[in-house]
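Since every read-out is calculated from the coordinates, none of them should be taken as a lab result. This structure is a prediction, so every number in the text was calculated from the model and none was measured. We place every Cβ from the backbone using ideal geometry, glycine too, and count neighbours over all the protein chains shown.
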């Protein structure tokens, strides 16, 4: 008998014509909540274009799990705060076993925290721009405004930046507070980082503007 509890979550999404659409998801257990929050609230789940419930249900009974590239056991998922998760990468079937062996015969789930994601995109942008590398040494994270393809990133954006790579990155530009205020009406940050990038493939909601 399966003793895992299900929780029902309702997400309200405001569409372009200002109508509010409600979607009901039934999520199984703590891992389901982690997966759900990472995909729906950050839009960052690589390798599949599945809605959250499909992404959970497609996994077998005993997937391979890794947290920040370190293998973990299923019961260790209970120690993860879903709000700390930046993004996930999921693999299925032959792709999973090719990467992680028979331990991933039921699929593989790679979980990455926001702290890990921040370091990942900082390394990427630093390698691309010496000016950026200099700025982050002098400026606190909370004083930097990231803008991706003209979208002002405010909350839960770490995964969106961390899934970028050298082939997707087009440009990284640093702007001062005056430019931030005049062009983007942002007055609570010290510096702006303007990023232009291609859309990553095979991500949840990848059909939408990145």
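Values computed for the structure shown
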item	result
Cα gyration tensor shape of region 63-173, rounded if a/c is under 1.5, else prolate or oblate by comparing a/b with b/c	prolate
Region 56-100 versus region 143-200: alpha-carbon centroid distance in Å	29
Quotient of C-alpha Rg and 2.2 N^0.38 Å, computed over region 116-197	0.99
Spacing of the two label points (7 Å from each Cα toward its C-beta) at residue 150 and residue 134, in nm	3.0
